[in-house]
Amino acid sequence: MSARTRLLIVEDDRSLREGLKIVLEQAGYDVETAIRGQDALRTIREQPPDLVILDLMLPGLDGSYVLEKARQEGFTAPVIILSARDSLEDKIHGFDTGADDYVTKPFELEELLARVMVRLRSSEQSRRFVFGQTVVDLEARRIQRGDEEIHLTPKEFDLLALFLDNPERALSRSRILEEVWGTDYRGTGRTVDNFVRGLRTKIESDPDNPRFLRTVRARGYRFSPRG
């Protein structure tokens, strides 16, 4: 497991929240916490974690709404529901809303840690991203919009992969050149502009008014999965 693996705990019970944070940090994860559903959604949007542990009964927006909204906006990382609701109907609803796992309270810490590891391992293997109606499988290097497969050149795919790995971050043209073409490449910012233009024609419904791949003036480009 990478030390950069980031978890988000969304739990309004202070003792449980702080206890989980300590245990997960001791296991080697970087852990952030949120009490309210609004704060959880903000974190997911601005700095998407690698996995979310989510209580359902929260002040403000409840956990089900947070999960459903995050999935609608393209968040694909694993979500483990942690809830005192233990009926079959609650569990089915949780999975239907987009949960990857469901753990009922009270629970054993060892079991939760094992489930976190399994979900992270599965996520790393799939490397699957969703934005709008488009699904990208980085491992298979395939892009699908509905029943249609979108064909990218190898460099266009590498460029898209860079943006997917850095959501909501403004990337400079120089960094894009270095990451996609390598430090020895002698291209210019215009090279990046041309490839971004070509990529937009394939992933945007209106390339002249891009929804996902946006220009950041005097900086470069930013990919916004939520559109």
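The values are calculated or read from the model by the stated rules, or taken from the named source; none is laboratory data. Everything quoted here is computed from the prediction, not taken from an experiment. Please note: Cβ atoms are built from the backbone with ideal geometry, for glycine as well, and neighbour counts cover all protein chains shown. Remember, those area values only see protein heavy atoms, side chains included, never the ligands or the DNA or RNA. Shrake-Rupley method; radii C 1.70, N 1.55, O 1.52, S 1.80 Å.
If a/c stays under 1.5 just call it rounded; otherwise compare a/b with b/c (prolate if a/b is bigger, oblate if not). Do that for the chain, with a ≥ b ≥ c from the square roots of the Cα gyration tensor eigenvalues.
Note, shape of the chain comes out prolate.
Which shape class, rounded, prolate or oblate, goes with region 87-147 when its Cα gyration tensor gives a ≥ b ≥ c as root eigenvalues, a/c under 1.5 marks rounded, and past that a/b bigger than b/c marks prolate? Kindly include the intermediate steps, with their values, before the conclusion.
Working: a/c = 4.76, a/b = 1.66, b/c = 2.88.
Because a/c hits 1.5 or more and a/b fails to exceed b/c, region 87-147 counts as oblate.
Counting only heavy atoms of the protein chains, get the accessible area per residue of region 134-179 (1.4 Å probe) and round it to a whole Å² value. Let's see the in-between values first.
Details: 2410 Å² over 46 residues.
I get 52 Å² per residue for this part.
Determine the relative contact order of region 92-180: mean sequence separation of Cα pairs under 8 Å and six or more apart, normalised by residue count, in whole percent. Show your work: numbers first, answer last.
Working: 53 pairs, mean separation 11.5, N = 89.
Computed value for region 92-180: 13 percent relative contact order.
When the accessible area of region 120-227 is computed with all protein chains present and a 1.4 Å probe, what percentage of it is carbon and sulfur?
Working: 2580 of 6410 Å².
The value for region 120-227 is 40 percent carbon and sulfur by accessible area.
What is the set of long-range amide H partners of I53 at a cut-off below 5 Å, with H atoms built 1.01 Å from backbone N?
L8, I9, V10, I80
Can you give the Kirkwood hydrodynamic radius of region 1-117 from its Cα pairs, in Å with one decimal? Intermediate results must be reported in sequence, preceding the final value.
Working: mean 1/r = 0.0715 Å⁻¹.
Value: 14.0 Å, from the Cα pair sum.
Mind listing the phi-derived Karplus ³J(HN,Hα) values for region 215-222, rounded to whole Hz, using 6.51, -1.76 and 1.60 with θ = phi - 60°, and x for any glycine or proline?
Working through the residues one at a time gives 7, 10, 4, 6, 10, x, 9, 9 Hz.
Less than 21 Å apart at the alpha-carbon level, and either on another chain or at least 8 residues along: which lysines does that give for K105?
K21, K91
In region 1-81, which trypsin sites (Lys or Arg not before Pro) are in a loop and have at most 12 other Cβ atoms within 10 Å, using DSSP for the loop call? It would help to have the intermediate numbers written out before the result.
Working: sites: R4, R6, R14, R17, K21, R36, R42, R45, K69, R71; in loops: R4, R36.
Sites meeting the loop and neighbour criteria: R4.
Please list, in order, the residues from region 71-91 whose amide nitrogen is less than 18 Å from a point placed 7 Å along the Cα→Cβ vector of R145.
Only 73-74 fall inside the zone, counting backbone N under 18 Å.
Kindly express, to the nearest 10 degrees and within the range 0 to 90, the angle between helix 88-97's C-alpha long axis and the longest C-alpha principal axis of the chain.
That works out to roughly 10 degrees.
Projected onto the charge dipole of the chain (+1 at Lys/Arg Cβ, -1 at Asp/Glu Cβ, origin at the Cα centre), which of F131, I92, L51 gives the Cα projection farthest towards the positive end?
Of the candidates, F131 comes out farthest on the positive side.
Fully extended, how many nm does the chain gain between D206 and D158 (0.36 nm per residue separation, minus their Cα-Cα distance)?
Details: separation 48, 0.36 × 48 = 17.28 nm, distance 2.17 nm.
Working it through step by step, the gained length comes to 15.1 nm.
Which whole-number percent is the relative contact order of the chain (Cα, under 8 Å, 6+ apart)? Display every interim value, and only then the final one.
Numbers: 341 pairs, mean separation 30.4, N = 227.
Reported as a whole number, the value is 13 percent.
State the percentage of accessible surface on region 1-104 attributable to carbon and sulfur atoms; use a 1.4 Å probe and exclude ligands, DNA and RNA. Before the final figure, lay out each step's value.
Numbers: 2270 of 4950 Å².
Carbon and sulfur: 46 percent of the exposed surface of region 1-104.
Label points 7 Å out from Cα along the Cβ direction at D86 and R217: separation in nm?
Once both label points are built, they end up 5.8 nm from each other.
Residue separation times 0.36 nm, minus the C-alpha to C-alpha distance between R36 and R186: what's the value?
Details: separation 150, 0.36 × 150 = 54.00 nm, distance 4.85 nm.
Result: 49.2 nm gained on full extension.
Rounded to the nearest 5, what % of the DSSP beta bridges within the chain are antiparallel ones?
Working: 18 of 34 bridges.
Antiparallel bridges make up about 55 percent of those DSSP assigns within the chain.
Below 12 angstrom from the Cβ of G63, what's the summed charge of the other residues (Lys, Arg +1; Asp, Glu -1)? Before the final figure, lay out each step's value.
Numbers: positive: R36, K69, R85; negative: E11, D12, D55, D62, E68, D90.
Computed value for this residue: -3.
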